[in-house]
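**Q** This structure is in structure tokens; I'll ask about it shortly.
Derivation of every value follows stated rules applied to the coordinates shown; laboratory data play no part. Computed from a predicted structure; not experimentally measured. Don't worry about glycine lacking a Cβ; one is built from the backbone with ideal geometry, like all the others, and counts go over all protein chains shown.
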Amino acid sequence: MKTLIIGGAGFIGSCVTWMLAETGRDVCVLDRLPHPTRKLPPKATYISGDLKDRAFLHTVLTDASEVIDLAYSTVPKTSFDDPVDDILSNLPPGVILLQEAARVNLEKIVFISSGGAVYGKAERLPIDELHPTNPISPYGITKLTMEKYVGMFKLFTGLPAVIARPGNAYGEEQAAFTGQGFIATALHSIVQAKKVDVFGRHGTIRDYLHVSDIARGIIAIIEHGDAGQIYNIGSGIGRNNIDVLDSIRPLASTRGLDIQINFLPERAFDVPANVLSSQKLYSVSGWQPKIAFEEGIQRVWDSILSNQTNRRL
């Protein structure tokens with residue numbers, strides 16, 4: 001079994017890559033960058049190339065049995081800053097991938113969408129896969145557009161495609177100050193004695209999952225998900241930004257650190273609340289989160305402090 005992971009050197013992708021390699025699969029990572037930015041399994045193959053190059057993409061796909069597409073060039077904030085770039089940098093390579101994938105004999109292809117951005121403002125919580133999709137950011141609109149293309153290719157070409165809608169990933173190697181990833185940015189801000197930006201009185205409510213749980217969810221979908229279906233990956237538990245900071249506070253106090261908050265106005269593109277039901281995925285695979293939130297926060301905190309110590313040595 002050869003699995004092609006597009007964007008497999010990213011934060012979530014690298015975790016998926018390591019887990020799939022441990023299953024005995026022949027794993028190949030495809031990315032735009034000439035070299036991976038994260039450590040990958042020794043036996044994993046890394047290929048750099050233009051994701052809009054049809055001939056190149058077809059050659060890589062021909063040798064694969066499974067494909068996981070994690071590649072995306074924007075986040076909600078950057079998409080709001082430049083909606084046209086959000087369209088041009090994501091939709092053309094995404095559709096080209098589907099066209100070329102339909103020409104080869106794949107067993108399954110999983111498109112990683114968004115568990116928050118595509119649903120928009122929640123009518124009910126937790127959100128299941130039948131909830132209306134009314135995105136309020138360009139990022140959510142292009143993610144949903146790609147989902148519609150995935151559905152079209154499944155209908156007209158028989159492409160064995162599945163859609164994953166994950167919650168908010170956090171973990172030890174998540175980059176801070178990128179416009180995405182409140183937990184990483186908050187922890188790094190506290191350690192660096194910077195103020196933590198919170199938009200609104202309590203911030204947004206999100207379904208936070210340790211990256212390893214999200215990676216296991218993606219693998220559960222590629223192994224057990226049915227073509228043409230959509231699966232949420234979430235915990236069913238929502239926490240706002242102040243809840244997260246309250247969980248961090250005991251860790252900060254042991255180091256004599258204060259949590260300083262910079263309250264800012266709410267942003268129009270932020271979905272107020274997103275909490276996902278994963279009952280559908282659980283019913284087909286038995287997947288559920290393994291890492292409790294407090295344990296995950298402790299792991300990220302320890303990792304940040306360890307890295308700081310190592311840099312000083």
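**Q** What does the C-alpha gyration tensor say about the overall shape of the stretch 118-268? Classify as rounded when a/c is under 1.5, otherwise prolate if a/b is larger than b/c, or oblate.
**A** prolate
**Q** Here's something else I'd like to know. Report the semi-axes of the equivalent ellipsoid for the chain in whole Å, largest first, where each axis is √(5λ) for an eigenvalue λ of the Cα gyration tensor.
**A** 32, 22, 18
**Q** Once you have the alpha carbon radius of gyration of the stretch 137-225, what is it after dividing by 2.2 N^0.38 Å, with N set to its residue count?
**A** 1.40
**Q** If you don't mind, another one. How high is the relative contact order of the stretch 25-104? Use alpha-carbon pairs under 8 Å, at least six apart in sequence, and give a whole percent.
**A** Relative contact order here is 29 percent.
**Q** Counting only residues 5 or more places away or on other chains, whose amide H sits under 5 Å from the amide H of F263 once H atoms are built in the peptide plane?
**A** V198
**Q** With label points built 7 Å along Cα→Cβ from the Cα atoms of R32 and L91, find their separation and express it in nm.
**A** Between R32 and L91, the label points sit 1.7 nm apart.
**Q** Determine ³J(HN,Hα), in whole Hz, for all residues of the stretch 27-40 in sequence, where each value follows from phi through the Karplus function 6.51 cos²θ - 1.76 cosθ + 1.60 and θ = phi - 60°; x replaces Gly and Pro.
**A** 9, 10, 9, 10, 8, 6, 6, x, 9, x, 8, 10, 5, 10
**Q** Scan around V27 for amide H atoms under 5 Å from its own, H built in the peptide plane at 1.01 Å from N, and keep only partners 5 or more places away or cross-chain.
**A** Sorted by chain and number, the residues that satisfy this are T3, T45.
**Q** At 222 nm, what helix-only mean residue ellipticity would the chain give, in deg cm²/dmol to the nearest 500, using -39500 (n - 2.57) for each DSSP H run of four or more?
**A** -13500 deg cm²/dmol
**Q** Something else: With springs connecting C-alpha atoms under 10 Å apart, model the chain as a Gaussian network and identify which of Q180, Q192, Q288 has the largest mean-square fluctuation.
**A** Comparing Q180, Q192, Q288 in the GNM, the peak value goes to Q192.
**Q** Specify whether the C-alpha gyration tensor of the stretch 87-152 places it in the rounded, prolate or oblate class, a ≥ b ≥ c being the square roots of the eigenvalues: rounded for a/c under 1.5, otherwise prolate if a/b is larger than b/c and oblate if not.
**A** Note, shape of the stretch 87-152 comes out oblate.
**Q** Which three extents, in whole angstrom, do the alpha-carbon atoms of the stretch 198-244 cover along their principal axes, largest first?
**A** Here the spans come out as 42, 21, 15 Å, largest first.
**Q** Could you give the length gained on full extension between K148 and N307, defined as 0.36 nm per residue of separation minus the Cα-Cα distance, in nm?
**A** 53.0 nm
**Q** Based on DSSP, what percent of beta bridges with both residues in the chain are antiparallel, to the nearest 5?
**A** Restricted to the chain, the bridges split so that about 5 percent are antiparallel.
**Q** Explain nothing, just compute: Karplus ³J(HN,Hα) = 6.51 cos²θ - 1.76 cosθ + 1.60, θ = phi - 60°, for every residue of the stretch 284-292 in order, whole Hz, x for Gly and Pro.
**A** Running phi through 6.51 cos²θ - 1.76 cosθ + 1.60 with θ = phi - 60° gives 9, 9, x, 5, 7, x, 10, 9, 4 Hz.
**Q** Tell me, S253, S89, S212, S137 in order of fewest to most beta-carbon neighbours within 10 Å?
**A** S253, S89, S212, S137
**Q** By average Cβ neighbour count within 10 Å, what is the ranking of 115-121, 237-243 from highest down?
**A** Output ranking for 115-121, 237-243: 115-121, 237-243.
**Q** Taking square-rooted eigenvalues a ≥ b ≥ c of the alpha carbon gyration tensor, is the stretch 31-122 rounded, prolate or oblate, where a/c under 1.5 means rounded and, failing that, a/b exceeding b/c means prolate?
**A** prolate
**Q** May I ask you to derive the relative contact order of the stretch 148-264, considering only C-alpha pairs under 8 Å and at least 6 residues apart, and to give it as an integer percent?
**A** 37
**Q** Something else now. Only Cα pairs within less than 10 Å get springs; with that Gaussian network setup on the chain, which residue of D207, D63, D53 has the largest fluctuation?
**A** D53
**Q** If you don't mind, there's one more thing I want to ask. For the stretch 181-313, what is the charge dipole size about the Cα centre, in debye to the nearest 20, if Lys and Arg each add +1 at the Cβ and Asp and Glu each add -1 at the Cβ?
**A** Dipole about the Cα centre, nearest 20: 420 debye.
**Q** For L159, enumerate residues with amide H under 5 Å from its amide H, sequence gap 5+ or separate chain, H modeled in the peptide plane.
**A** K154
**Q** For T178 paired with R103, estimate the spin-label separation in nm (one decimal), with each label point 7 Å from Cα along the Cα-to-Cβ line.
**A** Each label point is offset 7 Å from its Cα along the Cβ direction, giving 3.1 nm.
**Q** Let me ask something else about it. For the stretch 212-258, what is the charge dipole size about the Cα centre, in debye to the nearest 20, if Lys and Arg each add +1 at the Cβ and Asp and Glu each add -1 at the Cβ?
**A** 180
**Q** For a Förster distance of 25 Å, can you work out the FRET efficiency between the beta-carbons of D82 and D53, rounded to the nearest 0.05?
**A** Efficiency computed from Cβ-Cβ geometry: 0.55.
**Q** Under a GNM of the chain (C-alpha, springs under 10 Å), which listed residue has the highest mean-square fluctuation: T78, T254, T23?
**A** T254
**Q** Let me ask something else about it. I need to check one value: relative contact order of the chain, counting alpha carbon pairs closer than 8 Å and at least 6 residues apart, in percent.
**A** Relative contact order, the chain: 18 percent.
**Q** State to the nearest 20 debye the size of the charge dipole of the chain about its Cα centre, where the only charges are +1 on K and R beta carbons and -1 on D and E beta carbons.
**A** It comes to approximately 360 debye.
**Q** Cα-Cα pairs above 12 Å in the stretch 64-113: how many percent?
**A** For the stretch 64-113, the fraction of Cα-Cα distances above 12 Å is 66 percent.
**Q** Figure the gain on full extension for F199 and T23 (residue separation times 0.36 nm, minus the Cα-Cα span) and round it to one decimal in nm.
**A** 59.2 nm
**Q** By the scheme Lys and Arg +1, Asp and Glu -1, what is the net charge of all other residues having a beta-carbon under 14 Å from that of A268?
**A** It works out to a net charge of 0.
**Q** Using label points projected 7 Å from each Cα along Cα→Cβ, tell me how many nm separate F156 and Q279, to one decimal.
**A** With each label point 7 Å from Cα toward Cβ, the separation is 3.5 nm.
**Q** N134 to R249: FRET efficiency via 1/(1 + (r/R0)^6), r the Cβ-Cβ distance, R0 30 Å, to the nearest 0.05?
**A** My answer for the efficiency is 0.25.
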